[in-house]
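Here is the structure we will look at, set down as structure tokens.
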Amino acid sequence: MIFSKILFDLAMRNVRLHFLRSVLAAAGIVIGVLAITAMGMLGSTLQLSVSSQLSEGANTLVIYPKTVSSSDEGITGRQLRDIKLSAGTNPVIPMMSGSDRIAVGSKNGYATIYGLDPGDIGDIVEVDRGVSIRGGEGALVGPALAEEYDMRVGSRIFFGLDGGRSLRVVGILKESGFSGTMMTDNAVVVSESAFTSMYGDKGYTMVEVIVEDLSAIDRVKENIESKMNRREDTVTVWDSRAFLDTINEALGSISLFVMAIGGISLIVAAVSIFNVMLMSVSERVREIGILRSIGVQKHEISLIFLYEAVIIGFAGSLVGALVSFIGGYALVSFMFHETSFFFAPQTLLYVPVGMGIGIAVCILSGVYPALRAANLNPVEALGAE
């Protein structure tokens with residue numbers, strides 16, 4: 001144990017003697033660990049944030065007609081009754097959708113229009129300001145659309161190229177983000193009767209089934225498919241869990257790819273440390289010969305240089321991890337305005353992983369120089385200048 005400490009002290013002494021060179025070698029490790037750790041933490045935070053947002057609708061089945069175009073009929077009233085029978089006691093929410101030109105004051109453009117039964121609106125969206133739709137009149141507006149057109153409760157929206165139909169805004173919706181089905185932040189929600197009076201009744205564009213017991217979602221899906229597609233395929237039943245899995249897989253692949261790009265800097269750092277260690281061996285040939293002559297074994301000579309690589313790697317990895325933690329926190333706070341997912345174990349795991357990779361790269365880079373030092377001929381080493 002004491003002799004091992006002496007070997008470590010010899011390695012530490014050499015790092016101090018060539019401090020600037022060691023710092024430059026460690027800088028590559030700092031950059032590599034920073035790239036891997038920061039990108040990994042950012043990707044994990046993004047994945048957790050998106051998963052949390054989408055998982056709120058993970059108990060939803062969405063039924064679409066098999067073919068949808070401007071000339072096709074959507075889901076009919078009879079099909080809707082069959083869906084309700086298949087869904088049992090789970091809430092079934094039919095909706096119509098389309099896009100149209102809107103005008104508010106002097107501003108005009110296009111927006112998505114949703115038509116729902118007023119009794120179902122509370123199950124899909126939440127009103128932030130104003131009230132929900134009662135009866136056939138009034139419209140609810142997404143927050144992003146309201147901000148873009150400077151709309152508030154009481155504003156009037158004109159629909160169509162000629163602006164022949166108008167509705168008064170009775171409420172502004174809460175921000176909902178992207179749920180995979182309805183995207184109401186940039187949309188207008190009207191009653192089903194108002195929608196059909198403006199665009200005609202071509203059936204429902206889609207039907208949502210909110211399965212109250214998540215463990216029963218597969219059974220409910222199978223019931224709907226067997227009922228609706230018994231003779232021919234008339235509808236497509238989409239499971240929101242599949243969408244969540246796809247998003248998670250895509251985000252994971254992107255995060256891994258970005259981390260791999262960051263890992264290139266570790267390859268550069270490995271070459272730098274390899275050169276530093278070879279230079280250290282060349283400069284200390286006579287010292288190695290003296291150590292061998294007093295009985296120091298080959299593996300102990302190797303340990304001196306491996307210790308040196310570990311010291312450089314640990315210092316660089318520690319600094320890289322600290323910088324990535326602080327920088328990652330600042331970046332997540334700026335991008336998401338929410339840092340709770342940053343402190344999740346899945347995210348913080350990238351700190352020790354990044355450090356471990358950095359130290360491992362240094363050790364691997366020091367193996368060959370350490371072996372070369374151990375295999376020097378003691379007699380020739382003593383005679384070296």
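The values are calculated or read from the model by the stated rules, or taken from the named source; none is laboratory data. Every value quoted in this text rests on a predicted model; they were computed, and no experiment measured them. Quick reminder, even Gly has a Cβ in these numbers, built from the backbone with ideal geometry, and neighbours come from all protein chains shown.
Can you pull out the residues in segment 135-157 that are over 21 Å from G119 (Cα atoms), small (G, A, S) and surrounded by fewer than 21 Cβ atoms within 10 Å (Cβ to Cβ)? Hits for segment 135-157 are A144, G154, S155. Scan segment 187-210 and tell me whether some residue there is at pLDDT below 85 and among the polar types (S, T, N, Q). Within segment 187-210, none of the residues are at pLDDT below 85 and among the polar types (S, T, N, Q).
When the residues of segment 275-287 are filtered to those that are surrounded by fewer than 20 Cβ atoms within 10 Å (Cβ to Cβ) and out of contact with any Pro (no Cβ under 6 Å at 6 or more places or on another chain), which remaining residue is farthest from A309 (Cα to Cα)? The selected residue is R286. Can you find a residue in segment 158-179 that is without any contact (Cβ under 8 Å) to a residue 24 or more places away in the chain, on the phi > 0 side of the Ramachandran plot, assigned by TED's automatic domain parsing to the domain that holds A111 and loosely packed, with under 14 Cβ neighbours inside 10 Å? No: segment 158-179 contains no residue that is without any contact (Cβ under 8 Å) to a residue 24 or more places away in the chain, on the phi > 0 side of the Ramachandran plot, assigned by TED's automatic domain parsing to the domain that holds A111 and loosely packed, with under 14 Cβ neighbours inside 10 Å. The requirement of being part of a helix (DSSP H, G or I), in contact with a strand residue (DSSP E or B) (Cβ under 7 Å, 6 or more places away or on another chain) and without any contact (Cβ under 8 Å) to a residue 40 or more places away in the chain is fulfilled somewhere in segment 217-225, by at least one residue. Give the residue, chosen from V323, V351, that is on the phi < 0 side of the Ramachandran plot, of a type in the set (V, I, T) and surrounded by fewer than 18 Cβ atoms within 10 Å (Cβ to Cβ). Unique residue meeting the criteria: V323. Out of I264, I326, I301, I312, one residue alone is in the same structural domain as A26 (by TED's automatic domain parsing) and more than 23 Å from G28 (Cα to Cα). It is I301. Of all residues in segment 209-244, those that are loosely packed, with under 14 Cβ neighbours inside 10 Å and not small (G, A, S) total 10.
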